[in-house]
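Chemist: Below is a structure I'd like to ask you about.
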Amino acid sequence: MIDLGISFLRLFTSLDASGASILGWLITGSFGILAVIYGILKWQRRSSLKWIKAAARAKKKVWKKFKVPLSEHLWVEDFTLREQPSTCCFCLTSLWPSHSLGTTTMTQRSPIHRCSVCGVAAHFICSQFAAKDCKCVAQSGFSHIRHHWSERWVNADEYHEMSAFCFYCDEPCGVPFVKSSPTWHCRWCQRLIHVKCHNKLVKDSGDICDLGPLRRLILSPLYVKEVDEDPKGEKLSSIITSSVRGQMRKRRNRNNKHGGSSRNNSKPRDPSVTDAILFDYVLNGIEDWDLSGDEMLFDFRRMNNGRVLVNPNPIKKYTLVDLPSDARPLLVFINARSGGQLGPSLQRRLNMLLNPIQIFELSASQGPEVGLEMFKSVRYFRVLVCGGDGTVAWVLESIARLNFESPPPVAILPLGTGNDLSRVLNWGRGFSALDGQGGLTTLLNDINIAAVTMLDRWEVKITEENSEGNPNKVKTKSMMNYLGIGCDAKVAYEFHVTRQINPEKFSSLFVNKLRYAKEGARDIMDRTCADLPWQVWLEVDGIDIEIPKDAEGLIVLNIGSYMGGVDLWQNDTEHDDDFSLQSMHDKMLEVVSVCGAWHLGKLQVGLSQARRLAQGKVIKIHSSSPFPVQIDGEPFILQPGSLDITHHDQVFMVRRTSEDDPKGHAAAIMTEVLLDAECKGIINASQKKVILQDMAISLS
């Protein structure tokens with residue numbers, strides 16, 4: 001920076017009078033342009049706030065007139081900077097004061113509340129007083145769904161084709177010209193409408209919402225019923241909220257009379273500067289209440305600043321009722337620990353597009369069974385798993401245990417490191433590529449029209465010999481992708497052990513891959529599995545298979561992707577053997593060998609090929625010494641013993657079809673025809689399953 005200043009001074013002193021004059025005009029003009037840009041941005045923000053206020057006033061009148069069902073916001077703490085929206089939905093001031101941007105300590109002391117259902121945000125204190133205008137997820141008893149028109153706090157980036165034009169008049173929205181109108185956004189169908197066009201829409205269609213392009217995937221709130229409802233608690237919450245709003249209005253009027261600044265100006269307001277009078281009012285009004293049992297539960301939480309906030313949202317439970325026979329909603333599972341902790345942000349985005357009731361977060365305390373049991377009465381539905389291959393295996397195992405008459409097919413939104421199963425089903429290599437493929441809306445549309453295929457699942461019987469004469473230890477695991485013994489499993493095992501010791505250092509996918517590469521480089525030097533050909537025996541369909549002397553690892557394959565997209569069997573390459581093409585639903589496994597970590601690295605970049613050893617239905621691997629083993633990326637140390645791999649079952653998966661995939665489109669159409677036939681009673685679930693299995697093999 002100093003060198004740049006010195007160079008500028010030298011240039012300025014070397015200019016003559018005319019040159020200096022021109023340079024001066026250029027500098028002055030640059031400042032003028034910056035001032036104009038700043039003025040435009042300030043005017044745009046002022047206009048946006050004005051529009052939001054106008055839309056909010058008109059919205060309240062419409063809700064009272066049509067009695068739109070509303071719900072309380074589900075607030076969660078959020079420390080994320082610069083995420084939409086940036087304006088408080090209650091006081092309409094900036095969420096992040098200018099002096100705290102980039103200041104870690106201030107950010108930690110000033111969290112905001114963001115609604116995990118509709119995406120609106122509010123200051124830590126303002127959220128307690130915000131209007132109860134979130135979309136109502138349970139509307140059982142209503143005859144139809146009304147549009148849930150609201151201010152447009154978040155840009156509808158997921159709906160590129162809808163984000164610019166009015167649903168009724170097809171004129172541009174969101175451009176604050178003089179003759180334009182404020183805009184509403186429907187939180188169910190994601191459409192936009194000018195406020196002035198709403199009355200015309202009501203006369204034409206009655207303001208009935210059809211849930212938009214994703215209507216087949218959205219669980220309609222008409223078929224969701226809230227159980228254990230508490231009218232007394234709801235009445236109490238309403239009284240408290242109304243009283244607080246009244247105190248807020250009185251104080252705002254007093255400030256205006258005494259020349260005080262309005263909360264609705266464009267000046268940023270520090271959320272830590274709270275209204276002590278209102279805060280004490282809320283606390284004093286409820287601190288003596290003792291509610292228990294079925295009564296309203298208040299959640300008191302003490303934060304870093306020592307103040308207590310009240311969250312009047314009870315824990316609610318829901319059930320599905322009166323679903324039509326042709327309903328086909330999407331059940332979503334999200335593993336919040338996958339993909340560098342992307343779970344909360346992804347769940348909020350999906351909540352805005354779908355019904356939050358159909359979205360479940362997986363954790364150590366809540367497995368897939370909760371969501372699957374809720375959907376047990378739904379005859380036809382699909383499952384979306386947001387996570388890695390391990391999460392997919394977890395969900396598939398849960399589906400198998402519940403014995404569905406018509407098991408739901410499973411689609412994948414990849415959040416893991418390798419995402420090999422997602423790759424072979426055309427769902428992509430990872431979450432980072434999602435926006436480049438059209439965003440979540442495109443993904444959901446593709447799930448709606450995707451083809452159903454089959455995936456073989458295998459049972460691995462692990463037997464460890466006991467040298468003391470005691471019975472051998474036997475346990476079983478399921479496998480759907482691949483199994484490795486030797487050098488590749490050693491790299492995975494070392495990575496797994498390091499992550500167990502310091503899990504906080506493995507929140508980034510990119511860093512995870514670097515650490516994986518580091519373990520691979522270390523194994524190149526160690527060569528701890530060089531004696532594998534003399535310590536391990538391979539048997540395929542009862543025939544002994546010779547292991548090459550330079551092999552340091554064996555890999556048993558069920559799918560055509562390994563270690564993040566490496567095709568080890570290579571169907572598209574000519575080979576001088578008689579092996580068949582690889583398929584994930586032919587009830588056959590493939591076995592290849594690799595020559596160490598250096599060979600694995602060359603396979604990653606396409607500079608080498610794995611050696612094809614065998615193909616069969618029953619695989620047995622015997623080991624006379626301890627060796628690292630990994631099954632679908634889950635590593636462990638196998639003591640002297642054996643691995644017996646046999647076919648277990650086949651599960652339904654959803655495969656993404658592309659424009660240049662006529663077979664995929666044909667499979668998708670046939671899937672719809674079969675579902676309609678089963679719905680009408682022409683065929684039963686078992687017949688549909690057999691036809692789908694045959695179709696998957698013939699169209700693969």
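Chemist: Filter the stretch 611-647 for residues that are part of a strand (DSSP E or B) and of a type in the set (A, V, I, L, M, F, W, C) and give the result.
Modeler: Answer for the stretch 611-647, where residues must be part of a strand (DSSP E or B) and of a type in the set (A, V, I, L, M, F, W, C): L613, A614, I619, I621, F627, V629, I631, F636, I637, L638, L643, I645.
Chemist: Could you check the stretch 565-604 and list, in sequence order, the residues that are closer than 16 Å to G484 by Cβ, among the hydrophobic types (A, V, I, L, M, F, W, C) and in contact with a strand residue (DSSP E or B) (Cβ under 7 Å, 6 or more places away or on another chain)?
Modeler: Selection gives L568, W569, L589, V591, V592, V594, L600, L603.
Chemist: While we're here: If I ask for residues that are at pLDDT 75 or above, β-branched (V, I, T) and under 21 Å from T93 (Cα atoms), which ones from the stretch 144-179 would you list?
Modeler: None; the set is empty.
Chemist: Moving on. So in the stretch 397-411, with the set limited to residues that are without any contact (Cβ under 8 Å) to a residue 40 or more places away in the chain and not in a helix (DSSP H, G or I), which one is surrounded by the fewest Cβ atoms within 10 Å (Cβ to Cβ)? Give the derivation first.
Modeler: Let us first name the residues in the stretch 397-411 that are without any contact (Cβ under 8 Å) to a residue 40 or more places away in the chain, namely 398, 401-404.
If we keep only those that are not in a helix (DSSP H, G or I) too, we end up with 403-404.
Working: N403: 7, F404: 17.
Among those that are without any contact (Cβ under 8 Å) to a residue 40 or more places away in the chain and not in a helix (DSSP H, G or I), it is N403.
Chemist: In this structure, is Q650 surrounded by fewer than 21 Cβ atoms within 10 Å (Cβ to Cβ), part of a helix (DSSP H, G or I) and out of contact with any Pro (no Cβ under 8 Å at 6 or more places or on another chain)?
Modeler: No: the conditions fail for Q650.
Chemist: Out of all the residues in the stretch 665-700, which are closer than 13 Å to E405 by Cα and of a type in the set (S, T, Y)?
Modeler: Within the stretch 665-700, just S686 meets the criteria.
Chemist: Could you say whether any residue in the stretch 541-562 is outside any loop (DSSP other than H, G, I, E, B), small (G, A, S) and touching a residue at least 60 places away in the same chain (Cβ under 8 Å)? It would help to see each step written out before you state the result.
Modeler: Initially, the stretch 541-562 is screened for residues outside any loop (DSSP other than H, G, I, E, B), giving 543-545, 553-557, 562.
From the residues that got through so far, the ones that are small (G, A, S) too are 553.
Checking the rest, the ones that are also touching a residue at least 60 places away in the same chain (Cβ under 8 Å) come to 553.
Within the stretch 541-562 (the criterion being outside any loop (DSSP other than H, G, I, E, B), small (G, A, S) and touching a residue at least 60 places away in the same chain (Cβ under 8 Å)), the answer is yes, since at least one residue qualifies.
Chemist: Provide a single number: the residues in the stretch 679-700 that are outside any helix (DSSP H, G or I) and farther than 18 Å from T657 by Cβ.
Modeler: Residues in the stretch 679-700 being outside any helix (DSSP H, G or I) and farther than 18 Å from T657 by Cβ: 5 in total.
Chemist: I'm trying to understand the selection: among the residues of the stretch 330-383, which are of a type in the set (S, T, Y) and more than 30 Å from P85 (Cβ to Cβ)?
Modeler: Restricting attention to the stretch 330-383, the residues satisfying the condition of being of a type in the set (S, T, Y) are 338, 345, 363, 365, 377, 380.
Passing the criteria: S365, S377, Y380.
The values are calculated or read from the model by the stated rules, or taken from the named source; none is laboratory data. Small disclaimer: the values here were computed from a predicted structure and weren't measured. Reconstructed Cβ throughout: ideal geometry from the backbone, glycine too, with neighbour counts over all protein chains shown.
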